[in-house]
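Inspection log for the structure reproduced underneath, given as C-alpha cells.
The values are calculated or read from the model by the stated rules, or taken from the named source; none is laboratory data. Note that the structure is predicted; figures quoted are calculated from it, not measured. Cβ: placed from backbone, ideal geometry, glycine included. Neighbour counts: every protein chain shown.
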Amino acid sequence: MRARRGGVPVCIALLTAGCEGIQSALDPAGRQAQHLAEIWWVMLAVLMAVYVIVLICLAVAALRRRRENLSGMIVPPERQADRRIGLLLGAGVVITAVTMLSLTAYSYHTDRRLSDLSGRTEMTIEVTALQWWWKVRYLDDVPSRSFTTANEIRVPVGVPVRILLKSQDVIHSFWVPNLHGKQDLIPGRDNEIDIVADREGTYRGQCAEFCGIQHAHMAFEVIAEPREAFDAWRDAQIAPASPPADDQQKQGQDLFQQSACVMCHSIRGTDAAASVAPDLTHLASRGTLAAGTLPYNRGNLAAWIVDPQSIKPGNHMPLVSLSPSDLQALLAYLDSLK
Amino acid sequence: MSLHCRRALSILAALFLAAGLFACEREERDSRGPTAPETGPDPGSITLSDLYAGSPTRPAPDLRRDQFEKNAFHLSEGKRLFTWFNCTGCHAQGGGNIGPPLMDEKWIYGSNLENIFASIVQGRPNGMPSFRDKIPEQQVWEIAAYVRSLSGQAPKAAASGRNDQINSKPAEQSTPKASPTDTDPHSPSVEGRQ
Amino acid sequence: MAAKNYANTRYSELDQINTDSIRDLRVDFTFSTGVLRGHEAAPIVVDGTMYIVTPYPNALYALDLTKPGAPTKWKYEPNPASAAQGVACCDVVNRGAAYANGRLFFNTLDMHTVAVDAASGKEVWNVKIGEINKGETMTMAPLVVKGKVLVGNSGGEFGVRGWLTALDAGTGKIAWRAYSTGPDADVLIGPEFKPFYEKDRGKDLGVQTWPPDAWRIGGGTVWGWVSYDPDLNLIYYGTGNPGPWNPEQRPGDNKWSGGIFARDPDTGAAHWHYQTVPHDLYDYDAINELVLVDLPVEGQMRKVLLRPERNGYLYVIDRTTGEVLSADPYGTINTTSGVDLKTGELHYVEAKNTKAGKVVRDICPGAPGTKDWNPSAFSPKTGLLYIPHLNLCMDWQSSEANYIAGTPYVGAEVRMYAGPGGNRGEFSAWDPVARKKAWSVKEDLPLWSGALATAGDLVFYGTMDGWFKALDAKTGDEVWKFKTGSGIIGQPISYRGPDGRQYIAVLSGIGGWAGAIVIGGLDPRDTTGGGGFVNATPDLPDRSAQGGMLYVFALPPRS
C-alpha cells in the first residue's frame, strides 16, 4: 500500500521531468512564459476532463447498445426517453459552447497579457538570423555605445527588452521557450518581440523554423543577470579587443589578418572588420561556439577551427589548413579575446 | 482485373519505386573539400595566350573541372561567396563596374576554370586584387565555377535558377551561353545548352 | 586653379566671344592626350602655357601657346601604380592641377601629390600621403592657399577614412591633416569650432555618432572642391558619403560625413560645420562646389556660399557662421521633405527608407544625386548660377556590406533610370536671390561636364554624346554648338591667349561614373552594372566612343 502511494509522485515526477530545464516552456522564467505555461496547464486540464468525459460517454453508449442487442429486443421509442435525450444533447451543446467560448476568451486574454510589455521596454536589441547563427546588436541612443555580438543575448533581470527581428537569408524563427513564444524572422520585413526575464539564469533559444541543413544547430543562449553584472558586461563588450599580451598571441593576431579569417570575421580594434560571420571581438567571453553547438573552451575552439565541417556539416565556415604551431598561436590569440 | 494486368502493374510500380530511389541521390555535397593543403590547378594547365610559338601545345585541363562546374551545390556556394567577398563590388552581378563584365564573351585572362582560378589567386595588373591565402582553395574553385556560369557555361540542371538580391538580370540558369573569345578545345560540353 | 578663382565662380571676364560673335567660333587647335579614360580635368593656362593632367596614368602636359599649334613644351609622367585602378570607384579620373609660384601641383591616382616646376617640367617633390591597399585613391584638383597645397582622398566606396591634408608647397611636408570622422583631435575641432546649430555641438561627435570603430572605415572622403575666402581667412569644402552605403550598418548621424567644413587654412582648425545629409541613406556625397558670393538676403547683403547639393537642394549658407539661409529644391526630390532652417534638420521621407532584403523603388534623386561633382558657374553679370545636373531616379536594395580592406565596401544594389519627364540631364540657371529657376534646358543624356560663364553673356557646357554647347546666359537659348570626338565630361575654361585673343578650351573624353558602360564595355543586361548607372545609359555606347582630346576654340583673327 505504501509502495503504491509513493509510486504516484514518482510517476508524476518522471512525467514532468522533461518540463524543467533551460529550454522548456513549462519552466517559465518570465511573465509571458508564465502566462503561456498557465494557459497550457489550464487547457491541458480542461481538455483532459473533456477527453475523459467523452470517453466515458462513449463507453456508456457502447456498452448500453451491446446490452440491448444482447437481449434481442427492440425498445419502442418513448416520449420520456426522447425528452431526456433532447435535454442531454442540449446540455452537451451548451457545455461545449461555453467551454469553447471560455477557452477562446481566456486565450484572447492571455494574448493581451503577452503584449503587456509593449511601450514599456527599456532596451532594444536587434537580432539578425543567418544560416546558421544569430547576430545580436545592442542598440543605444548614443550610437557609439551600440555593439555587436553573436549567439548570446544578455539581459538584466526584470527589465523588459524589445527584440527587433531580421533575417538576411531565409525565414527563421526566434524561440526562447522559458521566456516567450515564437516569432518569425523574415528577410526584408521588420518583426519584433518583447521579452522579460524575471528570474536569473541561462535559457536556451533555438531556431524554430526549418532553415536549411544546420537548422538543428542554430541555437543561442539568453543569460539573465542582475543589472550591475549586465552593465559591467555591456561596458566590457563596448570596449575594443584587448591587444595581444605576448609573442604567441601577436603571432596569432598577424595570422588572423593574413589568412582567410579576416575575410569574414571582425575583431574591433584591429583591421579585421568583416561582417558576414560572427564578430569575434570578445569571443572568449561567450558560453558557446558555433551557435550553441559546442560549449566554449580552448579545446573545442581548436576542434572547430581544425575541421568545422565535421562538427557542423554544411555550415559556412570553411576548412583552413594551418600548421600545428600556427593553430596554437591562433588559439592563444582568440582565447585571449575575453 | 486479370492476373496479367496485375503483374504488369506491379512491375511498373517497382520500376517507379526504383526510379524514385535513384532520384534521392542527385549529387554529392562536398562542403568540406580535401583536408590536406591543396596547391591549386596544375601550373602547366594555364596559358594566357592562344598563340603558341612553334606548333600549338595546349595545356591539359585540370581534372576538377567537372567536379565543380557540374555541381549545383558548388555553384550556389560560389554565388554566395561572390557577394560575400565583394566580387559584386567591382563586377556587379556579372555586368561589370570597376572591373570588367563577366557575363559576356570577352575574356582578358582566359575563360577556363583554371585561368579564372589563377586570376582570383594571383590578381591581375589593372586592379584585380590578389586573394592568395585569403580564400581557401575549395572556395576559389567554387567562385571560379560560378563566374563561368554567369555567361551560361554551366549545365542548366546545375546553374542557379534565381537571384538572391534585387532581380537585376536573368539568373544563370536562363542566361544564354556566350562563346568565349579565347578558344578552348577542352571546354566541357554543356548539357541542355545550344 | 581648376575653378578659375578662390571663390569657385568659373566666370571669365573675357567678352570678345559674345552672343553675336560666337557665330564665328571655330576650332583653333586640338591635342590628343593619348589616354582613353574619362577626362574630367580643367586645363589651366598660366603665362602662355597650358597645362593638362590626364586621367590615370596621370601624365602632365605643358603646351606652348605662344607657338602655332601649341606644341608640347614638356611632359611629366609620374607612373602611378597600375593596381590603383582597382580601387577607383568611378573611373580613373583626375580633376585637374593647381598652379602657384612657378609650380604645378596635382594628385596621382595612387595617393601621391606631386609638385612640378612649371618652366622645366622637372619634379620638385613627390610625396605619398595614403595607401591604395586601404582603398584610398586621389582624383581631386588641389587648391593652393597661403603656401599650402590642400588635397583630399577618394574611396568612400572602399571603407576609407576621409581627410583633407595641407602640404607645405615648398617641401611637400604635411602641415596638418583634418579627418572627417573620429575624435575631435583628429578632426581638428578645438575652441574655434562654433557650429551654428545645436546638433553639431558636443564632444567627439565624430565618434559618438557611429557604432564603435565604424568611423575608422566610415568614408567622408574629400574628393570635390575647396573654396577660399581671403577676407574671412577660411577654406570651405564638403565631405563625402559615409560608408558603407547600407545605412543599417551605421546607425547614428555619422558625423562629419555628408557635410560642409569651414577651416582656418593656416592651422586646419575647424570653424563651423553643417551636415547637409546626416546619416546619408542614398550615397548623397556632400562634395559639390561651394560658390562664394555676396548676395542680398531679405534686404541685407550677406557673405554666403551657394551649394547645389547632391540631395537636390540648393543651399544658401552664411559663410561666416554656417547658418542655412535657404534650401530650395532644384530637381525632383522624394527622399526628403525639406530642410528646417531653425534646427538645420533635413527631414527624411519614411517610405523611401532603405532596408536590407527589400527593394525600395522610385527613389529620387538617384545615387549620383540631382547633381554630382561637375561644377556649376556663377555670373556676377546676370546674378545667376548655371548648374549642369541630372534627372535620375533609382531602385535600391541594401545588403550586408563585408569590409575587406582594398575591396569595395558598399552593401547596396542600385539601378537608375530617367526621372520624371524622361530627360536624364538638365542645365538650369538658378536665381539665388529670387530662389527659383530663371530658365532651364532639358538634356537627353545625363550631364557630367562642368559649366563656364563668361562676360560675353555666354555659358558653355558639354554633353556625353560629344556636343559642346554655348547658351545665351540670359535666356538659355542655344547660340552655338560643336560636335567633339567623344563625350564631354570635362570642365570648359576660357583664357586670353598670348596674342590677346579669347579662347575657349575643353577636354573631350567620355568616362566617369556616368560613362562606365562605355569605358568598361559593361553588359547592360545586368541592370545593377556600373554602380547602377548602366541601366540609365544603355544607349550610350551607340552615341559616344572613348576618346581623349583637347579642343581649343577661338574667333578668327581680325585681319
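Here are some notes:
- Scope the range C:57-87; condition closer than 14 Å to C:VAL114 by Cα and within 14 Å of another protein chain (Cβ to nearest Cβ); matching residues: C:PRO57, C:ASN79, C:PRO80
- Given (1) under 28 Å from C:GLY38 (Cα atoms); (2) out of contact with any His (no Cβ under 8 Å at 6 or more places or on another chain); (3) at pLDDT 95 or above, number of the condition B:ASN97 does not satisfy: (2)
- Within the range A:245-259, considering residues that are under 35 Å from the mean Cα position of the chain (by Cα) and surrounded by fewer than 21 Cβ atoms within 10 Å (Cβ to Cβ), the one farthest from A:SER323 (Cα to Cα): A:GLN257
- Among the residues making up the range C:86-133, those that are of a type in the set (S, T, N, Q) and not in a loop (DSSP other than H, G, I, E, B) are C:ASN107, C:THR113, C:ASN126, C:ASN133.
- Single residue of C:PRO211, C:PRO244 found to be in a loop (DSSP other than H, G, I, E, B), within 14 Å of another protein chain (Cβ to nearest Cβ), more than 23 Å from the chain's Cα centre (by Cα) and not acidic (Asp, Glu): C:PRO211
- Scanning the range A:313-338 for residues that are closer than 22 Å to A:THR202 by Cβ and at pLDDT below 95 returns a single hit, A:LYS338.
- Residue count for the range A:29-60, restricted to those that are over 30 Å from A:VAL161 (Cα atoms) and among the small types (Gly, Ala, Ser): 3
- Set side by side, the residues C:TRP430, C:TRP439, C:TRP448, C:TRP396 differ, and just one is in contact with a helix residue (DSSP H, G or I) (Cβ under 9 Å, 6 or more places away or on another chain) and either within 14 Å of chain B (Cβ to nearest Cβ) or aromatic (Phe, Trp, Tyr) (or both), which is C:TRP396.
- If you go through the range A:291-313 and pick out every residue that is within 14 Å of chain B (Cβ to nearest Cβ), in contact (Cβ under 8 Å) with a residue 24 or more places away in the chain and surrounded by 17 or more Cβ atoms within 10 Å (Cβ to Cβ), you end up with 2.
- The range A:120-228 holds strands (runs of 3 or more DSSP E) entirely within its bounds, and those carrying 1 or more residues that are among the polar types (S, T, N, Q) and more than 14 Å from chain C (Cβ to nearest Cβ) map to A:172-175, A:182-185, A:201-207.
- Residues that are under 15 Å from the mean Cα position of the chain (by Cα) and either modelled with pLDDT under 90 or exposed (fewer than 10 other Cβ atoms within 10 Å of the Cβ) (or both) within the range A:1-59 comprise A:CYS19, A:GLU20, A:GLY21, A:ILE22, listed in sequence order.
- Evaluating A:LEU334 against the criteria (1) among the hydrophobic types (A, V, I, L, M, F, W, C); (2) within 14 Å of chain B (Cβ to nearest Cβ); (3) surrounded by 18 or more Cβ atoms within 10 Å (Cβ to Cβ) leaves one unmet condition, (2).
- Taken as a whole, the range B:88-106 holds at least one residue that is over 24 Å from A:GLY314 (Cα atoms), of a type in the set (Val, Ile, Thr), facing another protein chain (nearest Cβ under 7 Å) and buried (at least 20 other Cβ atoms within 10 Å of the Cβ).
- Within the option set A:ILE39, A:ILE22, being among the β-branched types (Val, Ile, Thr), touching a residue at least 40 places away in the same chain (Cβ under 8 Å) and within 20 Å of A:GLU221 (Cβ to Cβ) holds for one residue only, A:ILE22.
- Scanning the range C:201-213 turns up at least one residue that is among the β-branched types (Val, Ile, Thr) and surrounded by 24 or more Cβ atoms within 10 Å (Cβ to Cβ).
- Cβ-Cβ distances below 9 Å connect the following pairs, each with a first residue in the range C:88-99 that is within 14 Å of chain B (Cβ to nearest Cβ), a second residue that is of a type in the set (S, T, N, Q) and part of a strand (DSSP E or B), and a separation of six or more residues or different chains: C:ALA88/C:THR137; C:ALA88/C:SER154; C:CYS89/C:THR137; C:CYS89/C:SER154; C:CYS90/C:SER154; C:VAL92/C:THR137.
- Filtered residues of the range C:253-286 (kept if out of contact with any His (no Cβ under 9 Å at 6 or more places or on another chain) and under 14 Å from C:LEU305 (Cβ atoms)): C:HIS271, C:TRP272, C:HIS273, C:TYR274, C:THR276, C:ALA286
- Residue that is nearest to the other protein chains (Cβ to nearest Cβ), among those in the range B:149-171 that are in a loop (DSSP other than H, G, I, E, B) and hydrophobic (A, V, I, L, M, F, W, C): B:ILE166
- Selection of the range B:110-124 for residues being hydroxyl-bearing (Ser, Thr, Tyr) and either within 12 Å of chain C (Cβ to nearest Cβ) or touching a residue at least 40 places away in the same chain (Cβ under 8 Å) (or both) yields only B:SER111.
- Meets criteria (among the small types (Gly, Ala, Ser), within 14 Å of another protein chain (Cβ to nearest Cβ), in contact (Cβ under 8 Å) with a residue 24 or more places away in the chain and on the phi > 0 side of the Ramachandran plot) for C:GLY406: yes
- Residue within the range B:93-115 that is in contact with a Cys (Cβ under 6 Å, 6 or more places away or on another chain), of a type in the set (A, V, I, L, M) and part of a loop (DSSP other than H, G, I, E, B) present: yes
- If the condition is being surrounded by fewer than 19 Cβ atoms within 10 Å (Cβ to Cβ) and within 12 Å of chain C (Cβ to nearest Cβ), then the range B:125-148 contributes B:PRO125, B:ASN126, B:SER130.
- Filtered by the rule that a residue be in contact with a helix residue (DSSP H, G or I) (Cβ under 7 Å, 6 or more places away or on another chain) and among the acidic types (Asp, Glu), the range B:88-145 gives B:GLU114, B:ASP133, B:GLU142.
- Within the range C:312-354, the set of residues being part of a loop (DSSP other than H, G, I, E, B) and among the aliphatic types (A, V, I, L, M) comprises C:ILE333, C:LEU341, C:VAL349.
- From the list C:THR221, C:THR239, C:THR209, the one residue that fits, being hydroxyl-bearing (Ser, Thr, Tyr) and in contact with a helix residue (DSSP H, G or I) (Cβ under 9 Å, 6 or more places away or on another chain), is C:THR209.
- Every condition in (1) crowded, with 24+ Cβ neighbours inside 10 Å; (2) over 20 Å from C:ASP283 (Cα atoms) holds for C:ASP229 except the one numbered (1).
- Exclusive hit being within 30 Å of C:SER399 (Cβ to Cβ) and either more than 15 Å from the chain's Cα centre (by Cα) or crowded, with 21+ Cβ neighbours inside 10 Å (or both), set A:ASP111, A:ASP141: A:ASP141
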